[in-house]
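Structure first, then comments.
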Amino acid sequence: MVLHHLRRWHASLKKLLAALFKTRGDLKIGLYGPVNSGKTTLANAICMDFTGEKLGKVSQVPHETREIQSKEHVEMKVNGKQLTFNLVDTPGIATKIDFEDFLKYGMTKKAAKQRAKEATKGVIESIKWLDRMDLVLVVMDSAEDPVDQVNVTILGNLEARNIPVIIVANKLDVKNSNAHRIRQAFPQYPTIGISAKTGYNMEELYKTVLKTVK
């Protein structure tokens, strides 16, 4: 029992020291969310605004992003305030990945099975990276029902780790989008409605990021 408590104390101390000696440039902001919620589109929008370069490829095919992607030293500047961080785009979280779902996009059976295998590995990596995050933007499709197993699981994991969260109600350019529905579902978190595709309300998101981190 004593050994168990010592190990927990040592782990807590190690995490505290890491936080104390972390520089602003080492801050990691992660994009998490369900498949095809627009995480990479948002990552590209942020990177284009502050670095002039895109981060990843966007596709209608599920699980286009199957590996962790990051852009280091992103300098966010809004209204005289500045924050330097590493932006991390993660593969979409899913509770089930079936290779047959990819066949409808014209993939061969072999390619579909390979994509499913890579996507499964990507989900595992996404969860592993949670402990490295200083802030997570949970990206949700505002045209979909927000109360599903994936969103609840992501938020539960973040709460357990005491990681700050901003919910991004994305795709406000889509018919039947409703950011208010997401705010009602998760009132304990700040929720910013945007369209990463069109750039709508991105500045408000940036202001919220600066306010949350500083």
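Here are some notes:
- Selection from region 167-185 of residues that are in contact (Cβ under 8 Å) with a residue 40 or more places away in the chain and either out of contact with any Asp or Glu (no Cβ under 9 Å at 6 or more places or on another chain) or surrounded by fewer than 17 Cβ atoms within 10 Å (Cβ to Cβ) (or both): V168, I182
- Flag for V74 being crowded, with 20+ Cβ neighbours inside 10 Å, over 18 Å from N170 (Cβ atoms) and at pLDDT 95 or above: yes
- In region 158-213, the residues that are more than 24 Å from S59 (Cα to Cα) and polar (S, T, N, Q): N162, Q184, Q188, T191, T208, T212
- Taking the conditions (1) modelled with pLDDT of 95 or more; (2) among the small types (G, A, S); (3) under 13 Å from G92 (Cβ atoms) in turn, G122 satisfies each one other than (1).
- Residue in region 120-140 that is touching a Lys or Arg at 6+ places or on another chain (Cβ under 8 Å), assigned to a loop (DSSP other than H, G, I, E, B) and in contact (Cβ under 8 Å) with a residue 24 or more places away in the chain present: yes
- Members of region 91-112 found to be assigned to a loop (DSSP other than H, G, I, E, B) and either surrounded by fewer than 14 Cβ atoms within 10 Å (Cβ to Cβ) or touching an Asp or Glu at 6+ places or on another chain (Cβ under 9 Å) (or both), listed by number: P91, G92, T95, K96, D98, K104, Y105, G106, T108
- The numbered conditions (1) in a helix (DSSP H, G or I); (2) at pLDDT below 95 are all true for V152 except (2).
- Condition met for V88 (part of a strand (DSSP E or B), under 14 Å from the mean Cα position of the chain (by Cα) and buried (at least 18 other Cβ atoms within 10 Å of the Cβ)): yes
- Residues that are part of a strand (DSSP E or B) and over 25 Å from S142 (Cβ atoms) do not occur anywhere in region 53-63.
- Residue that is nearest to S177 (Cα to Cα) [pool: residues in region 118-152 that are polar (S, T, N, Q) and over 13 Å from the mean Cα position of the chain (by Cα)]: S142
- Within the option set A143, A112, A185, A116, being aliphatic (A, V, I, L, M), out of contact with any strand residue (DSSP E or B) (no Cβ under 6 Å at 6 or more places or on another chain) and closer than 18 Å to T40 by Cβ holds for one residue only, A143.
- Residues being surrounded by fewer than 17 Cβ atoms within 10 Å (Cβ to Cβ) and assigned to a helix (DSSP H, G or I) - total across region 186-207: 3
- Matching residues in region 78-112 - criterion: being farther than 14 Å from S59 by Cβ and of a type in the set (F, W, Y): F85, F99
The values are calculated or read from the model by the stated rules, or taken from the named source; none is laboratory data. Keep in mind that this is a model prediction, so the values were computed, not measured. FYI the Cβ positions are ideal-geometry reconstructions off the backbone, even for glycines, and counts take in every protein chain you see.
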